[in-house]
Structures are given as C-alpha cells and as structure tokens.
Amino acid sequence: MTTRNSKRGSLGGGLFGATIALLLFLSTAPELLRPVSAEKPQAPLALTLQSHLLPDGQVQLVLSARARLDADAVTLSFHLPPAVTQVDDAASMWSGPLAKDDAKTVVILVRGTDEAIGQVVGHAAVKAAAIGTYLQEVRRTDRPIADLPIEPVPFMTHDGDDPILEYPGD
Amino acid sequence: MQRRWIVLWLLILSACGGGGGGDGGPAPDILISPAQSNLTPGKSRKLAADVEGAVWTSKHPDVATVDANGRVTGHQVGVATIVVRSGGVRATAVVGVVSPDPGAASLSLSGVAQYEDRPFNEAGFTGAIDLQPIRHAVVQLIAIDGFETLATTATDNLGAFVFSGIDHSNRRGGVYLRLKADTPEAHAPTVEIRNNLDDRAIYTLTSAGHDDSLAAAFVSDFTARVDTIGGVFNLFDQFLSGGQFVEGRAICPATAGRCVVPGLVAYWEAKAKRGTHFDQGLGSIFICGSRGAGTCPAGDGDEYDDAVVLHEYGHFVLNHFSRDDSPGGVHFLGDHTQDIRLAWSEGWATFFSSAVRNSTLHVDTGVGLLSYEIERLTSINMPTLNADAIYTTNEVAVAAVLWDAFDAPTVEDDGLALGFAPLWAAIHPTNANLTIESFERRFAALHLGMDTYADDLQVLLKSRKIDLFPDDAEVTGEVSLLVDGADQTHTLYTASGADDSDKVPFHVTRDGEYVLKTVRLKNGADTSLSILDTHGDVLFENDNRNGRNNEGCTDLCPPNDEKALASEIAFHWTGSATTLYAKVKRSSHAPPSAGRYGTYDLRLHRP
C-alpha cells in the first residue's frame with residue numbers, strides 16, 4: 001500500500017513536472033501551437049436554398065446567405081425555371097451590405113412540380129474590398145442526402161489487426 | 001500572457017482527450033452475435049442482436065436469407081451481408097456460405113479492377129462516366145471458410161491482377177476477393193484511404209464468391225461505382241499520381257538518391273472538423289464526401305474534384321520536402337491582402353495540382369460551383385480574377401507565376417518553360433520561411449551567371465504586379481517629393497538582398513503644416529516612417545498610423561493593406577525653410593504575415 005502510494009505520488013510529481021516543462025517549452029515556441037490546417041478556398045457566402053411544401057400545394061423557397069467576410073454589396077436572387085411560378089408578392093431579390101457573420105434570408109412562395117423546384121437556382125453577387133467581385137449559385141440543398149441509406153451496406157472487419165470497411169462489389 | 005497560459009492548458013487538456021484534425025462517429029449501438037460465421041447451403045443458424053424489435057434483412061438473398069427472428073439460411077457459395085435495424089441505428093454481420101466439399105488444389109484467379117470516374121469541365125461534371133484502372137492496389141484472396149487470407153497480390157498499371165497455383169484443398173470450397181484502397185508496403189509512394197481517425201478502417205471492395213470446389217479457374221473483375229466507393233479509388237489514383245509525379249521529376253540531395261515520398265494516410269467522409277483539408281500536425285489529408293459529415297456540407301463531396309484533391313496533396317508535399325509556415329484557415333481566392341505565407345502555401349498547392357494533372361483548370365463541384373483557371377486567369381465566379389490575382393500576397397498570383405515558369409513549350413506564351421525540377425530546386429530543401437519572395441531570391445541565386453531564367457522570372461512576376469526588384473531611385477538617386485504633388489512609388493527591395501531603406505528629400509517652409517505618409521501598401525509591405533534633418537537626426541517617426549503593434553501575431557494577423565500597416569506623420573514645421581528627408585524602411589515590428597519586401601507610395605500634403 002505504501003509502495004503504491006509512493007509510486008502514485010512519484011507519478012503525480014512526474015506528470016506535474018513534465019507538464020510544467022512542456023508549458024515552459026511551448027510558451028517559448030508559440031508557433032508550434034497553431035492548429036495548422038490547409039483548407040480549400042471558400043466562397044464569400046455560406047449559401048443555402050431550401051424548399052418547404054405547404055399544405056395548399058405551394059412551396060416556400062428560402063434562400064439564405066451568411067457572410068464569411070465583410071461584404072460591401074450583396075445581391076440575392078432566384079432563377080425560376082418556366083415550370084415554376086412565384087405566387088406571392090414578396091420581393092424575390094435583396095441587395096445590401098453584409099458584415100462578416102451576418103445573415104440574410106429571402107423567402108418566396110411558388111408553385112411547381114418537385115422536379116421543377118429542383119431546377120431553381122439561388123444567385124448571389126458579392127462585392128468586397130478584400131476579394132473584388134464574386135458570383136455564387138446554389139441549387140436546392142434540402143435534399144436529405146445525408147440520410148440516404150448507403151447501398152450496398154458496408155461491413156467492418158479486420159485484416160489481421162488492421163480494420164477494413166468492406167463494400168460488396170458487383 | 002495569462003491568456004496564453006489558459007490557452008496552453010486547454011490545448012493540453014484537449015490533446016489528452018485524443019482526436020486531432022478529424023473525428024469519427026460512435027460505433028453502432030447494436031451488437032450482433034456472431035458478427036462473422038459460416039454456413040453450408042441448406043443449413044441455418046440463428047444470429048442474435050442485443051436490441052428489442054430488431055428488423056433483419058439480407059443484402060444478398062441469393063447467397064443467404066434471414067427471417068424475422070434472425071435465423072439465416074445459406075443458399076449458394078458466397079458472402080452475405082445481414083443487416084439489423086432498430087430505432088434508427090443499424091449494424092451488420094457477415095455470413096459466408098461455403099461448399100461442403102474442399103476447395104481447389106491449384107486455384108487460379110485473375111481480373112481487372114476499375115473505378116468509375118467523373119470527368120469535369122469549367123462548368124462542373126460533364127455527366128459522363130469514364131472507367132479508369134485501379135492501379136497498384138492490394139488484392140487479397142480470401143477463403144470464405146474462416147475468412148482467412150490465402151494470398152495477396154497487387155494490381156498493375158492497367159488494373160490487372162493474377163493469382164495462380166493456390167492450394168485451397170485443406171478448407172471447404174468458396175473464395176472471394178478483397179480490393180483495398182491501399183498500396184503494397186514495398187510500393188513507392190504508398191497511399192491508403194481510411195474512413196476516420198476512430199475506426200481507421202481501410203476502404204475495401206469485395207467480389208462475389210466463387211465456388212472452387214466445382215472449378216479451379218475464375219475471372220473476377222472489379223468495378224468501383226460512383227454510388228459506392230468509386231470516389232475512394234479516384235482519391236487513391238490521384239494521390240498515387242501526385243506521389244509518382246514528385247518521384248519522377250524532383251531533384252533531391254545526393255544522399256537521398258531520389259525523392260522518396262512519405263506514405264500518405266488520407267481520410268474520406270471522416271467527419272473532419274475543417275472540411276476538406278491537409279492537417280499539418282497529422283500529415284494527413286481529409287476529404288469531404290457527398291453525404292456530408294462533420295463540417296462537410298451534404299452534397300459537397302470532393303472525392304471526384306481532382307483539382308482539389310491534388311491541391312491538398314501539394315500541401316502534403318510542401319510540408320514534407322520544404323517548409324510551410326502558412327497559418328492555414330479560411331481564405332478567399334481573389335484576396336490580394338493575404339498572409340504572405342498562406343499565399344505561398346496555397347499558390348504552390350494550386351500550381352502543383354495543375355502540374356500533376358497538366359491542366360490549368362481548377363474546379364470544386366458541389367452545391368455551389370467554384371471554377372477558375374490559372375493560365376488566362378478566368379473564372380465563372382470571379383469576373384475580375386485577372387485584375388485581382390496580383391501581388392506576393394495573393395495565392396492565385398503565386399500559382400500563375402509558378403505555372404507560367406513550369407508549363408510546356410507547346411502552350412508557352414511566356415519566356416520560361418522550365419518543367420518541375422528547377423522550381424523544385426528553389427524550394428527544397430530549406431529551413432527558411434519560404435514565400436514567393438524567398439523563392440525568387442533562391443531561384444535567382446541558383447541561376448546567377450548561368451542563364452537568363454532569373455530575368456525571365458522577373459517578367460512573369462511583373463505580369464502579376466509582384467514587385468521583387470529595386471525601384472528606380474535605387475539606381476538613379478532619389479527625387480524630391482513635392483507638397484501636394486504626385487505620390488512616389490517605391491519598393492523595399494535591394495539587389496544585394498540587404499534591408500532596403502529609402503531616403504527621399506522634401507522641402508518645408510516656416511509655419512507650414514504637413515502630412516507625410518505611406519499609402520497604397522502592396523506586396524506585403526509594412527512601412528516604418530521617420531523624418532530626418534540634414535544631419536541625419538530623427539525628428540519624427542511613426543510605425544503604424546493606427547497605433548497597433550502586430551509583431552508576434554499568430555492566428556489574428558492583420559491583412560496586408562494600407563489600413564493595417566501604413567505609416568503617417570503630421571507635423572508643424574517651426575523652423576526656417578529647409579530640406580528634410582523621409583526615411584522609409586520595413587517595420588522592425590512587422591507581423592510574420594507581412595512580406596520582407598513590398599511596395600508603397602509616399603505622399604506629402606497639407607492637412
């Protein structure tokens with residue numbers, strides 16, 4: 001018991017000392033602390049287009065934009081295919097500045113088949129001092145891709161100690 | 001300082017908790033027993049699941065069926081996946097149906113492995129499907145009886161593989177093949193594609209079963225479809241191409257013999273915390289899948305975006321063979337005020353992607369298309385890209401210069417067509433903080449007195465307004481700056497490489513009010529301004545007119561623009577009329593995000 005306590009105490013002291021040493025080392029080399037990840041370039045807006053089927057058969061289209069930088073001028077609009085008709089009086093376009101992390105949503109009501117609604121395009125034009133002019137488009141993003149079942153179903157097994165994820169082929 | 005210690009503690013605590021650049025989801029909550037088992041045709045066995053109301057299905061009912069109680073019945077030799085679902089979760093078990101008779105004493109099996117590729121153009125995927133060979137991937141011959149590996153080989157450059165003379169007579173008949181997104185250990189470069197940091201499971205495609213108790217020779221081809229893991233094998237092939245490109249074209253130190261590219265472990269659909277990215281700490285690449293996971297939006301998979309995939313591989317190469325001090329993080333293509341280290345890292349990676357693919361087109365498909373090319377500098381998204389891709393502090397400008405220096409004579413519209421090795425020689429090996437500035441210095445030093453390449457490179461740099469040359473005043477002498485006159489443009493660059501210091505005369509009169517400032521800072525300039533008298537004594541000085549000291553910034557460095565880094569002195573001159581001197585040099589407190597050199601304009605006006 002005494003021995004175990006002694007070891008525990010020694011371990012705790014060792015950990016404490018090692019932690020202090022690590023902290024001292026890291027405090028002198030802050031560049032080592034950077035969580036460096038090289039990400040792919042971003043569009044200036046996080047842009048989504050969602051559709052909601054209402055009980056009367058109309059479809060609500062929601063075009064949402066969140067700014068990833070300070071934008072001097074943003075224009076949001078819809079491109080509706082011929083088989084889709086706007087049925088309300090809401091403005092289908094918005095223009096204005098958007099500060100970083102601010103969001104804007106444009107909502108309209110339309111009629112059309114699900115296939116035609118799938119062809120609706122949300123447009124955004126962004127002007128920002130940092131990046132010049134940037135044009136973005138988005139198609140409907142509410143399709144439940146993430147919930148679709150994976151077919152064929154993979155199964156996890158091992159090759160020796162190495163885990164493998166097997167997908168049945170043809 | 002106190003904040004730094006708190007951050008340190010948090011970092012250590014988070015490190016103790018495991019994880020890193022990505023994470024994986026929880027293991028399935030359903031346990032099936034046994035998870036792997038064998039049957040012969042006509043025989044049954046019951047599987048058990050530790051949940052109430054389990055729903056059982058067989059994904060391969062021709063091989064084995066399962067009833068509502070989990071009882072599985074074998075029908076023909078092969079491997080069946082049995083799925084159990086309950087309350088939105090699911091788990092799988094594998095049932096191998098074997099022949100009651102022994103396998104072949106000299107089994108032969110051959111085939112070709114291919115994956116479905118998705119060609120793209122500047123508007124995104126064309127809609128076509130191309131078949132491409134799965135090159136240099138591990139193929140295993142598996143005995144269904146006991147699921148043991150009988151033999152291992154690899155596909156060749158055309159995706160073909162062969163097993164022959166395999167003695168399988170000591171087990172019950174029945175074999176199948178596994179094709180792994182993994183190169184053989186002896187292969188260079190080595191690549192493996194895994195699912196996430198928790199499971200670390202290698203993606204594998206399996207064949208249908210073959211009854212080798214009835215025959216001893218089989219042909220078994222693989223096709224990895226777009227809707228399964230075709231994209232995994234596209235990633236695998238792109239990474240292989242990237243590694244082979246370096247090994248085939250790079251010049252390395254004599255001690256290395258050749259450039260041995262380190263093994264790459266990449267993760268697909270890994271629920272990565274930063275979307276598609278290269279994680280410098282792990283040395284791994286994370287690629288988003290279309291189903292969305294973690295920070296990857298649904299519908300924005302990158303597994304077929306070859307330009308993006310090889311861009312990330314470019315980071316992997318730079319990190320290993322050179323030095324990459326980029327802080328990473330969010331960045332925008334048209335931004336010409338980027339951190340100079342980030343502009344180099346991203347520009348190099350984009351150039352590398354083009355070089356491997358021999359294409360200047362860069363397309364990122366998804367719910368929002370991003371498309372541009374680096375020869376003509378056109379873009380569907382950025383109509384002003386050609387005007388915005390300028391300076392040392394823009395990643396597209398860096399990529400365009402490197403590409404123009406590299407590209408083949410057949411498409412040449414500039415003075416250089418160097419190929420890869422001379423460019424590589426200027427970046428590898430180095431322990432210095434590498435940017436387009438230091439690249440130009442190293443490149444010029446390597447070619448001094450040898451050829452005209454350094455001068456040709458200057459032409460390319462100037463075409464992107466990258467000013468890495470002494471200004472005219474360094475040669476002809478400084479010209480006086482006039483009050484309310486035209487601005488003077490200067491570069492902080494000397495031919496010798498020594499720190500530059502511009503000293504510009506201007507005239508003042510008694511009781512005059514003046515404002516002297518640096519404006520239009522470009523190419524990463526961070527100025528420090530002082531006013532000297534005729535004896536050289538400092539009368540006034542200013543570093544940043546906003547009063548901030550950005551030295552030592554890490555993640556929150558200022559943009560390389562006038563607002564953040566320019567200098568300004570407003571003064572009232574009480575002496576007699578005289579000549580003073582504006583002295584401009586690089587700020588000794590410049591942030592690491594700024595350049596060593598840079599361009600600025602000097603302005604003198606009355607308030």
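The values are calculated or read from the model by the stated rules, or taken from the named source; none is laboratory data. Note that the structure is a prediction, hence the values are computed from the model and not measured. Here Cβ is always computed from backbone atoms with ideal geometry, including for glycine, and neighbour counts include all displayed protein chains.
Are there any pairs with C-beta distances below 6 angstrom linking a residue in the range B:159-174 that is more than 22 Å from B:P100 (Cα to Cα) to a residue that is among the hydrophobic types (A, V, I, L, M, F, W, C) and surrounded by fewer than 22 Cβ atoms within 10 Å (Cβ to Cβ), with the two at least 6 apart or on different chains, and if so which?
Every condition considered, the pairs that remain are B:G159/B:V112; B:A160/B:V112; B:F163/B:A151.
Before we move on, is B:L214 buried (at least 24 other Cβ atoms within 10 Å of the Cβ) and either more than 27 Å from B:F286 (Cα to Cα) or more than 33 Å from the chain's Cα centre (by Cα) (or both)?
Taking the combined requirement at face value, the residue does not satisfy it.
Within the range B:324-374, can you find the residues that are of a type in the set (S, T, Y) and either assigned to a loop (DSSP other than H, G, I, E, B) or not assigned by TED's automatic domain parsing to the domain that holds B:L310 (or both)?
Answer for the range B:324-374, where residues must be of a type in the set (S, T, Y) and either assigned to a loop (DSSP other than H, G, I, E, B) or not assigned by TED's automatic domain parsing to the domain that holds B:L310 (or both): B:S326, B:T337, B:S359, B:T360, B:T365.
Of the residues in the range B:289-300, how many are facing another protein chain (nearest Cβ under 9 Å) and either among the small types (G, A, S) or free of Cβ contacts under 8 Å to residues at least 40 places away in the same chain (or both)?
Of the residues in the range B:289-300, 6 are facing another protein chain (nearest Cβ under 9 Å) and either among the small types (G, A, S) or free of Cβ contacts under 8 Å to residues at least 40 places away in the same chain (or both).
Taking the range A:104-128, which residues are farther than 21 Å from B:D300 by Cα and either more than 14 Å from chain B (Cβ to nearest Cβ) or modelled with pLDDT under 90 (or both)?
Residues satisfying the conditions are A:K104, A:T105, A:V106, A:V107, A:I108, A:L109, A:V110, A:R111, A:G112, A:T113, A:D114, A:A116.
Every residue, every condition in (1) surrounded by fewer than 21 Cβ atoms within 10 Å (Cβ to Cβ); (2) in contact with a helix residue (DSSP H, G or I) (Cβ under 6 Å, 6 or more places away or on another chain); (3) away from chain A (no Cβ under 13 Å); (4) assigned to a loop (DSSP other than H, G, I, E, B), yes or no:
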position: B:T73; (1), (2), (3), (4): yes, no, yes, no
position: B:Q76; (1), (2), (3), (4): yes, no, yes, yes
position: B:V84; (1), (2), (3), (4): no, no, no, no
position: B:R90; (1), (2), (3), (4): yes, no, no, no
position: B:S108; (1), (2), (3), (4): yes, no, yes, no
position: B:A113; (1), (2), (3), (4): no, no, no, no
position: B:T153; (1), (2), (3), (4): yes, no, yes, no
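Filter the range A:72-86 down to the residues that are surrounded by fewer than 14 Cβ atoms within 10 Å (Cβ to Cβ) and part of a strand (DSSP E or B) and list them by number.
Matches in the range A:72-86: A:D72, A:A73, A:H79, A:T85.
What's the total number of residues in the range B:304-349 that are surrounded by fewer than 24 Cβ atoms within 10 Å (Cβ to Cβ), within 9 Å of chain A (Cβ to nearest Cβ) and within 28 Å of B:L131 (Cβ to Cβ)?
Of the residues in that region, 0 qualify.
Among the listed residues A:L61, A:L69, which satisfies the condition of being surrounded by 15 or more Cβ atoms within 10 Å (Cβ to Cβ), out of contact with any helix residue (DSSP H, G or I) (no Cβ under 6 Å at 6 or more places or on another chain) and more than 30 Å from B:N394 (Cβ to Cβ)?
After ruling out the rest, the residue left standing is A:L61.
How about the range B:479-490: which of its residues are in contact (Cβ under 8 Å) with a residue 24 or more places away in the chain, surrounded by fewer than 18 Cβ atoms within 10 Å (Cβ to Cβ) and not β-branched (V, I, T)?
Residues satisfying the conditions are B:S480, B:L482, B:D484, B:G485, B:D487.
Does the range B:241-263 contain any residue that is assigned to a helix (DSSP H, G or I) and either more than 26 Å from B:K180 (Cβ to Cβ) or among the aromatic types (F, W, Y) (or both)?
Among the residues of the range B:241-263, at least one is assigned to a helix (DSSP H, G or I) and either more than 26 Å from B:K180 (Cβ to Cβ) or among the aromatic types (F, W, Y) (or both), which makes the answer yes.
What number of residues within the range B:483-512 satisfy the criterion of being over 12 Å from B:A473 (Cβ atoms), polar (S, T, N, Q) and part of a strand (DSSP E or B)?
0
Run B:L131 past the list (1) surrounded by 15 or more Cβ atoms within 10 Å (Cβ to Cβ); (2) in a strand (DSSP E or B); (3) touching a strand residue (DSSP E or B) at 6+ places or on another chain (Cβ under 6 Å) and report the number of the one that doesn't hold.
So B:L131 meets the others, but not (1).
A quick yes/no check of all residues on (1) crowded, with 22+ Cβ neighbours inside 10 Å; (2) in a loop (DSSP other than H, G, I, E, B); (3) not polar (S, T, N, Q):
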residue	(1), (2), (3)
B:I531	no, no, yes
B:E541	no, no, yes
B:R548	no, yes, yes
B:T554	no, yes, no
B:T579	no, no, no
B:K585	no, no, yes
B:P591	yes, yes, yes
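Among the residues of the range A:128-139, is there at least one that is over 24 Å from B:G124 (Cα atoms) and of a type in the set (S, T, N, Q)?
no
Restricted to the range A:87-125, and to residues that are part of a loop (DSSP other than H, G, I, E, B), β-branched (V, I, T) and over 24 Å from the mean Cα position of the chain (by Cα), which residue is surrounded by the most Cβ atoms within 10 Å (Cβ to Cβ)?
A:V87
Of the conditions (1) buried (at least 22 other Cβ atoms within 10 Å of the Cβ); (2) within 13 Å of another protein chain (Cβ to nearest Cβ); (3) within 21 Å of B:T81 (Cα to Cα); (4) touching a residue at least 40 places away in the same chain (Cβ under 8 Å), B:D182 satisfies every one except a single condition; which number is it?
Here B:D182 meets the rest and fails (3).
For the range B:1-59, what are the residues that are among the hydroxyl-bearing types (S, T, Y), over 28 Å from B:G294 (Cα atoms) and either in a strand (DSSP E or B) or modelled with pLDDT under 50 (or both)?
B:S33, B:S37, B:S44, B:T57, B:S58
Scan the range B:378-422 for residues that are of a type in the set (A, V, I, L, M, F, W, C), part of a loop (DSSP other than H, G, I, E, B) and within 12 Å of chain A (Cβ to nearest Cβ) and jot them down.
B:I380, B:M382, B:A389, B:I390
Examine the range B:270-285 for a residue that is crowded, with 19+ Cβ neighbours inside 10 Å, within 30 Å of A:I131 (Cβ to Cβ), at pLDDT 95 or above and more than 8 Å from every other protein chain (Cβ to nearest Cβ), and state whether such a residue exists.
Yes: one or more hits.
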